[in-house]
Amino acid sequence: MNNRTETLLKAALLIGLGLMLYEKITSGTLGFYINARFAWLTYVGAMLFIALGLGLVGRLMSQRSAAPELSPAATRLSWPAVGLMALPLALGLLIPARPLGAGAIAAKGVGLTAPGSAGGATSLRRAQTGPKNILDWLREFSSTPDPSTLTGQPVDVTGFVYRDARNAPNQIWVSRFTISCCVADASAIGLLAQVDSSFDQKSDQWVRVTGKLGVTTFAGEKVPVILPDKIEPIPPPDQPYLYP
Amino acid sequence: MEPKKLAGVAAAILAVVLGTLALDSLSGVLAGGINLPDAAQNFVTVFLGIFIEAAPFLLIGALASGFIAVFVTPETLARLVPRNIVLATLFGALLGMIFPVCECGVVPVARRLYRKGLPTPVGIAFLLGAPVLNPIVIASTYAAFGPGPIFWGRIGFTLLIAVAVGLVFSAEPNLIRVLRPRALVVAGGMDPAPARTSSTAGAQVQAALNAAANDFFDMGRYMIGGMLIATALQTFVPQQTLVSIGGGSISSVIALQLLAFALSVCSTVDAFLALSFINTFTTGAIIAFLVFGPMLDVKSIVMYLGVFRARVVVYLSILVFLMALVIGVFINLNVVW
């Protein structure tokens, strides 16, 4: 491709990538990809993409476009490279944004049990507002050697339904993913819940579970379990992940 | 401005905007209809997650590179770099304190500095050291771990490996045998003289922005290629086995090094991730994770291949992997914190 086409294409890709990031920000789906703590970086990225794209457009329009280039022939863009650069743009705009779901646990599989929970004894505990979430409970479990001392405590958590081979037929996981930086480091955590045979929610369905804690045996160990009073299906929350 | 040219540019911008809006509304329609299989959907989510997290850093690196291209002359650089080889390598490892870049952003900057005539070992030390030895990463590591052994271990051992590997490469001072030919623009490895001919500051800034845009495309394709591999590793290879060997004094170090390699998490934020291993993994393993990850991961290795000859990347990878491993195991076996 000639010089002009290449510059034009680069400008279009840069502006397109900037708009893709902008779309993720405005549609509220940025939280499906990265920890909200780093959202400001995405703002910076969107602005830089558009600024660089407009800079190239400016060069095309300026009379001095015949001036010697800083990056001459060694940096020609090939069509496969264009395809590669367009990939995040196409995927970001064409594929509907969806957070990680139950299907990702099988490969991620970092552990749904309390001891593997993120940041167990560290000081990054969140300020207590509202009922404890799944992460808060797992931290509490890891500092409580005997689960039966927690029996009877009221529980009010939200998460998605997940079942694995270790579950008894009347057990489900109420799960969440925790992420530190972005979904690349997601790990799944969950609380066991006792359900009766009438429970028919599929994996991935988000639920709000209220009830009390009890104790059950899971994979040969005594672990806490939710004895639900109520399990209600809810739409996926705006912020699907927990931040350890 | 020729009207025809202007019309062409306007049409291109319009096409991008309209295309984006069309794709956007199309994606709304698709959301109801087409559902990708779970594995494919998760692949897309993880890939975009890595891209959205890393792209701003590559842009910042490309921007730094663009401004160096225009405003730094080879003479200035030659004056700054110490004559003594050890001091020069140390200078390279600590150059990140001036150019705060992560492992994505460091590659275009290093390539640009090579074009300005930076000696081979200094550039290698910069490449390996800068992603950790810069204000942003030092601050985020401090925020995650405080001024303890992990914080100081990360800084000290990164400096050690960066300088040591840099010195190893001083045995091969000829840039032509280290870099890929296309990474050096003209014979002799020098940039064309900076655009001093265009006198106004505005023109110089525009030249810098344009160089940055070109750098983003030069390095972006390698970054995206690396991201695809990293995403595939994550989506399709179970990590359970890796994490289940967290206790052994040697196996834990190897496990976290492999995890750092596969995850390709940006060095500016990986300290917060490492925090979640603190109960399950040994101290040596966590330090190895924090030292090795920023130097080498799936994404950066593909980017290195865009700049260095393949043979050099292989030597570099083996050296860095083994040194981080030795350090991690040494800490586990000999040091009681």
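The values are calculated or read from the model by the stated rules, or taken from the named source; none is laboratory data. What you see is a predicted model; the values in this text were computed from it and never measured. Methodologically, a virtual Cβ is constructed for each residue, glycine included, from the backbone with ideal geometry; neighbour enumeration extends over all protein chains shown.
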For region B:287-301, does any single residue satisfy the condition of being at pLDDT below 85 and part of a helix (DSSP H, G or I)? no
Only one of A:131, A:145, A:68, A:96 that is within 30 Å of residue A:13 (Cβ to Cβ), in a loop (DSSP other than H, G, I, E, B) and modelled with pLDDT under 85: A:68
Which members of region B:116-125 meet the condition of being touching a Ser or Thr at 6+ places or on another chain (Cβ under 9 Å) and part of a helix (DSSP H, G or I)? B:120, B:121, B:122, B:124, B:125
Condition test on residue B:259, is it in a helix (DSSP H, G or I), at pLDDT below 90 and within 16 Å of residue B:231 (Cβ to Cβ)? yes
Within region B:267-282, is even one residue away from every other protein chain (no Cβ under 14 Å) and touching a helix residue (DSSP H, G or I) at 6+ places or on another chain (Cβ under 7 Å)? yes
Would you mind telling me which numbered condition in (1) aliphatic (A, V, I, L, M); (2) surrounded by fewer than 23 Cβ atoms within 10 Å (Cβ to Cβ); (3) within 11 Å of another protein chain (Cβ to nearest Cβ); (4) touching a residue at least 12 places away in the same chain (Cβ under 8 Å) residue B:327 fails? (3)
Reported set for region A:39-62 where residues are in a helix (DSSP H, G or I) and of a type outside the set (A, V, I, L, M, F, W, C) is A:42, A:43, A:45, A:53, A:55, A:58, A:59
Out of A:187, A:175, A:180, which single residue is polar (S, T, N, Q), at pLDDT 85 or above and either at negative phi or touching a strand residue (DSSP E or B) at 6+ places or on another chain (Cβ under 8 Å) (or both)? A:175
Do any residues in region A:226-239 that are touching a residue at least 12 places away in the same chain (Cβ under 8 Å) have Cβ atoms under 7 Å from those of residues that are in a loop (DSSP other than H, G, I, E, B) and surrounded by fewer than 12 Cβ atoms within 10 Å (Cβ to Cβ), where the two are at least six apart or on different chains, and which pairs are they? A:238/A:28
Can you find a residue that is at pLDDT below 95, surrounded by fewer than 23 Cβ atoms within 10 Å (Cβ to Cβ) and either over 18 Å from the mean Cα position of the chain (by Cα) or within 14 Å of chain A (Cβ to nearest Cβ) (or both) anywhere in region B:123-135? no
Residue satisfying condition, being touching a residue at least 24 places away in the same chain (Cβ under 8 Å) and among the β-branched types (Val, Ile, Thr), within set B:44, B:86: B:86
Can you list the helices (runs of 4 or more DSSP H) lying wholly within region B:50-115 that have 3 or more residues being among the small types (Gly, Ala, Ser), at pLDDT 90 or above and within 11 Å of the chain's Cα centre (by Cα)? none
Can you tell which of A:102, A:86 is touching a Phe, Trp or Tyr at 6+ places or on another chain (Cβ under 6 Å) and either more than 7 Å from chain B (Cβ to nearest Cβ) or modelled with pLDDT of 65 or more (or both)? A:102
Taking region A:163-182 on its own, how many of its residues are under 15 Å from residue A:194 (Cβ atoms) and not aliphatic (A, V, I, L, M)? 7
